[in-house]
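First up is the structure itself, then whatever we jot down about it.
The values are calculated or read from the model by the stated rules, or taken from the named source; none is laboratory data. Bear in mind that the values here come from a model prediction, so they are computed numbers and not experimental data. Counting neighbours? That spans all protein chains shown, and the Cβs are built from the backbone with ideal geometry, glycine included.
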Amino acid sequence: MKYKSKSLIMIMSFALVLLSFAGAQAKWWIFGESDEEVSISYLFVNKSSFDETGAKITLFKEMLPDGKITISGKAVAGKGKIGSARVSLDGKETWKDANLSEGGAFEYSFSPETGKTYSIFVEVSDTLGKTNDVAATARQLTLSERNIMSFIREALDKLIAAYENHDAKTFMSLVSEDFAGDMTNLDRAIRKDFSSFDDIDLNYTLNNITSDSKGISVSLSYRRLLMSTKTGQSVKDKGVTEFVFKMGDKSARIYSMKNPLIFGITGAPNVATGTVASTTNDPVIIADGRGNVAEVPAQTFNQIVMDDSVRITNNPDGTSTVKTSDKTITVDKNGQQTSGGSNPSETVEKGLRTIISLGHPPMGFSFVNGEVMTAAGDFMITGGGPGFGYGFVEPSVTFVDLGAKSIGSVNEAPATGYANPAGMGVRFEEGHTYAFKLANGKYGLMEVKSVTEEWIPGNPGPPPQPPAMRITMRFEYKYQPSGARQFLP
Amino acid sequence: MKTSSITGVCFSSQSFRWLTVILMCFFFLGNPFLLKAENEFHASNEFSYTYNDISGPGSSQSSLRQGFSYLNLLNINDLGNYKGFDYNFNFGLKLTDDPTNDQQTASITNLQGRITNKVHTLNLGDTFETFSQYALSSAVKGASYRFVKENSYIPEVSLVYGYAYSRWDNAFAIYDGPVKAVARQVMGARLKENLGQNFWAGLSYVQSQDNDRVNPTDSLYLNRAYTFDMEYKPIPGLTVSGEASLSDQKEWTGNDGSETTRHGAAYRLTAVGDADPSRVTLEYERISPNFTTLVGSATPDREKAKAKWRYKYTKNISANLGFLWFRDNLDGQKTAGRTDYYKPEIGFTLKRFLGRAYGTADIAYKLDVTSNNNTENYNHIVTLNYQDQFFGFLDSDTNLGYTLYDNKISVEERNNEFTYNTSLSSRHTLGMVVLKPAVYLGGWTQRSELVVSTDQIYEYSAGFGLDVPDWKLTSTIKAGQNRLDKSVGQDTDKTFASFNLNYRPPFLKKLNQGMLFFRAKYNDFSYTNAGNNFRETSLTAGLILEI
């Protein structure tokens, strides 16, 4: 396809750019390989990798289960052996020996003082006195005086200020590199938000903060007012949402967000990782990928927010039409649903099927499953001849013969006229279309495309098979699971 | 057929009430006067009183509530050590009479007790026990237990039980109506084993079960996830991590009580190489359309590949390159066919730009391609940020952006968008006073080439900060205007002003720390249709006390 070849060219071009940069410094891909014989394979502070913490680490009492900070790691010495491992907490002024195991693993724990900043270095030496690159282990670690709640509030305040000021650079600096919805998706989504909304006013109060050593879970109640640049109309809502933060260099950083999103709402299907169960049916703001925005009831929001096919049309009368893969609803200015339900043309299930009947057991068809089945179904075939199939309709199902017309010409199943004469056989005529009212109250259509018969001689077996007439009926069907009678093309 | 196994809110609320009793006992047992243990007690309380005035024919558009309201946030933290066990107790309470702050007048924000001797850790109340991304990464109200024996071959064991409620109100179920939520019961267990010094692996089982509908049409779910995750550090600087998860889900719809069963799988593999001068990330992820996790994090129906490279070329020049691709319709289940997304980007950061000591330039190009049978969108995004200091005192921050939205196939659209803003700020010390003037000028222009229309936003503002450090006083005042001019639709004009004052009086220091604050905000919205105009004024005074 056209886009695929373009995409291939784009990917190859990108790879070439990457390779051209690779020449700038040879062996850039050999991570951390150095001439040093003594090195540290990994280094952790309270189970967070030094690689991920950044130069400055802020910890809170709530994140220290036993009130202690533990620095652990593993040292390697090429062909030699690690002889010592020590840790400095005061910028190499003094050193403390770490517990060292035979294999080079080491660990050092201390009880930090609140508010104090520790300048940490780690030095490991082999038995010949060679040491690692000590400067590379430098970290500034502070046990904050503040409680974790004030730290999260500070991060949220910064995020909201950046979002309200359309400052994508500052906002993204407060997002974790391993953001669960992918950092690139969030970056694009907030830029689209900035293009779609003006006069953003966002306020919150915290409901709950819970932390473990890997992150901080945050629940908050928010209220917001946005001005749509598409319409010049304002939209507002309030609700409850959740975040997970991770500790960063200077601030907590967003690791994941749930719907209803307060940031990146134009990219919700790719940015959010879950939806907070709504506690009310108050309207919630929803946006499509083009930046069109509407308020919808919370229940509807929960059903459609992760559907990336959502398209919103803001109508001149102030209402909005929200179209999804299986629904079209209309909401008024206050987010109340004024009409809606399924779009009949988009929910119809259809297909072409073949029933092969050898008399017994009868072969049938289920509209709900779209499957041909043995001795079951909404209608069954037991015989017939050239141009017609003969069988019966399941007692709880009624039907009406619409005559010689194609299934495509039937836009709506009739409201009345359905019947099922109990105990009577039914002829399904080739070229006729039949409408069915099923046991679940929903409607189906079936057009008999062709019916052929073939004599199958008997077989002495084993197992013995008597001679029989094989009836092959090809038909096209449509099933409307929404309950509507419409089968629009 | 099981439409809902309603063990019910009554059972869960009783459980949580007992849990409260246990936690309160825990708190009082942990009281230093009772135990003579090493103990720290912290409390903070923030009280604010607000008056909002909303006027004008369009006042219903305001998100504020007319009149007076209060908000009080209390937090208590008690931690210490008793006979080798470290304990920690947290309690938070929110009080407000403004439903735009919270639906409830009184609600518990935090309730948690934790006790550990480094090997055994028991947590009650608010519980955040992260297993892995797919398995469990949500907080629950309940309990967890963890066993960790360092430097041994005994695996780490974690057990979790609770309800995935966002709020304690839901857990107690004291109130009907406003904050009722589906009772999502969560049970989980995890084993993690260090297999050598550079490799660990974990196995998790998490089950979540819904037990009560808020609305008759709500679906209820029973979800089980079986997850394996691992991390391996084969050479210094290189970390390879992965996760694979299988899920089983049953859904009982509220509409007709029908039962649907789904089975799905998700897996991801990530390699991060981090050492000067490079940081490289490679990631592959595949989540099937029927993979479901109610307390983990995953977007179903995605196949994703990602590569990122951050390269420090010299001390002053660094480059960022990234490529993200993902697609949907993994099982061919969408009648509209699959959609592919390609998001490459390249950016450079240049410090000491053009030899200027404080000049830093960031330039980036980003491309968004969305492609399926019906449409092919190309969004080209170019951004430029420049920060510098002029004349030794004037800090500047300037952003320029250009985006071209180019829709190739279904709906013909071709829009150009320009964003531009600059802020100038300064800081001057005059005796004991610090003055911080600032101005901001910004704009946004969108031109549609096909319908020949132009929409524009202009914003300008001026601010002034005045700090008196010796008096522990900080203040800022800001005022400006934002105008949206549209070719089609309503024009909007917003005039705004705000004032913030923070003061830490000496007499509050006797407690530990404290602050008085005052905030004022004024917004005046004018529309083409004057019937939508409204004004809002908000005044808040408050006191923060910390013990």
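Here are some notes:
- Scanning the range B:360-394 for residues that are assigned to a loop (DSSP other than H, G, I, E, B) and within 11 Å of chain A (Cβ to nearest Cβ) yields a total of 4.
- Matching residues, the range B:252-266, being at pLDDT 90 or above and either farther than 24 Å from A:V244 by Cα or crowded, with 19+ Cβ neighbours inside 10 Å (or both): B:T261, B:R262, B:H263, B:G264, B:A266
- Residue match in the range B:88-99 (condition: among the β-branched types (V, I, T), within 25 Å of the chain's Cα centre (by Cα), in the same structural domain as B:V119 (by TED's automatic domain parsing) and buried (at least 16 other Cβ atoms within 10 Å of the Cβ)): yes
- Matching residues in the range A:76-106 - criterion: being crowded, with 21+ Cβ neighbours inside 10 Å, in a strand (DSSP E or B) and at pLDDT 85 or above: A:I82, A:A85, A:V87, A:F106
- Test: B:S60 is over 18 Å from A:L64 (Cα atoms), touching a helix residue (DSSP H, G or I) at 6+ places or on another chain (Cβ under 6 Å), outside any loop (DSSP other than H, G, I, E, B) and within 12 Å of chain A (Cβ to nearest Cβ): no
Each row is one residue, and each column tells you yes or no for (1) in a strand (DSSP E or B); (2) among the hydroxyl-bearing types (S, T, Y); (3) within 11 Å of chain A (Cβ to nearest Cβ).
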position: B:Q104; (1), (2), (3): no, no, yes
position: B:N110; (1), (2), (3): yes, no, yes
position: B:K141; (1), (2), (3): yes, no, yes
position: B:N151; (1), (2), (3): no, no, yes
position: B:I154; (1), (2), (3): no, no, no
position: B:V157; (1), (2), (3): yes, no, no
position: B:D169; (1), (2), (3): no, no, yes
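- The set of residues in the range B:329-359 being closer than 24 Å to B:P289 by Cα and either part of a loop (DSSP other than H, G, I, E, B) or more than 26 Å from the chain's Cα centre (by Cα) (or both) consists of B:N329, B:L330, B:D331, B:G332, B:Q333, B:K334, B:T335, B:A336, B:G337, B:R338, B:T339, B:D340.
- Where strands (runs of 3 or more DSSP E) sit wholly within the range B:229-315, those with at least 1 residues that are within 30 Å of B:L195 (Cβ to Cβ) and of a type in the set (V, I, T) occupy B:238-252, B:259-275, B:278-287.
- All positions within the range B:125-139 that are outside any loop (DSSP other than H, G, I, E, B) and among the charged types (D, E, K, R): B:D126
- Top-ranked residue of the range B:470-487 - restricted to ones that are outside any strand (DSSP E or B) and under 29 Å from A:L226 (Cβ atoms), ranked as modelled with the lowest pLDDT: B:S487
- Search result, residues across the range B:319-331 that are more than 9 Å from chain A (Cβ to nearest Cβ) and surrounded by 17 or more Cβ atoms within 10 Å (Cβ to Cβ): B:R327, B:N329, B:L330
- Residue list for the range B:64-73, filter: surrounded by fewer than 20 Cβ atoms within 10 Å (Cβ to Cβ) and facing chain A (nearest Cβ under 9 Å): B:L71
Let's see how each residue does on (1) more than 11 Å from chain B (Cβ to nearest Cβ); (2) buried (at least 20 other Cβ atoms within 10 Å of the Cβ); (3) in contact (Cβ under 8 Å) with a residue 40 or more places away in the chain:
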position	(1), (2), (3)
A:Y108	yes, yes, no
A:S111	no, no, yes
A:S119	yes, no, no
A:N132	no, yes, yes
A:Q140	yes, no, yes
A:H166	no, yes, no
A:N185	no, yes, yes
A:A189	no, yes, yes
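- Flag for B:I76 being within 9 Å of chain A (Cβ to nearest Cβ) and among the β-branched types (V, I, T): no
- Residues within the range A:165-220 that are over 30 Å from B:D524 (Cα atoms) and not in a strand (DSSP E or B), tallied: 18
- Residue check for B:T299: within 12 Å of chain A (Cβ to nearest Cβ) and modelled with pLDDT of 90 or more: no
- Answer residue from the range A:308-324, given it is modelled with pLDDT of 85 or more and under 15 Å from B:T339 (Cβ atoms) and is nearest to the other protein chains (Cβ to nearest Cβ) among those: A:R311
- Some residue of the range B:306-328 being touching a Ser or Thr at 6+ places or on another chain (Cβ under 7 Å), closer than 30 Å to A:F50 by Cβ and among the hydroxyl-bearing types (S, T, Y): yes
- Of all residues in the range B:478-524, those that are under 30 Å from B:S448 (Cβ atoms) and of a type in the set (F, W, Y) total 1.
- Residue match in the range B:413-420 (condition: within 11 Å of chain A (Cβ to nearest Cβ), charged (D, E, K, R), more than 27 Å from B:G531 (Cα to Cα) and out of contact with any helix residue (DSSP H, G or I) (no Cβ under 9 Å at 6 or more places or on another chain)): yes
- Checking each residue in the range A:191-213 for being facing chain B (nearest Cβ under 8 Å) and more than 20 Å from A:T241 (Cα to Cα) picks out A:R191, A:F194, A:S195, A:D198, A:D199.
- Hey, A:S357 crowded, with 16+ Cβ neighbours inside 10 Å and either assigned by TED's automatic domain parsing to the domain that holds A:A435 or acidic (D, E) (or both) or not: yes
- Scope the range A:357-386; condition more than 16 Å from A:F436 (Cα to Cα) and touching a Leu at 6+ places or on another chain (Cβ under 8 Å); matching residues: none
- Screening the candidates B:L484, B:L441 for the property of being closer than 30 Å to B:E417 by Cβ, free of Cβ contacts under 8 Å to residues at least 24 places away in the same chain and within 14 Å of chain A (Cβ to nearest Cβ) yields one hit, B:L441.
- Given (1) modelled with pLDDT of 90 or more; (2) within 11 Å of chain A (Cβ to nearest Cβ); (3) surrounded by fewer than 19 Cβ atoms within 10 Å (Cβ to Cβ), number of the condition B:F228 does not satisfy: (2)
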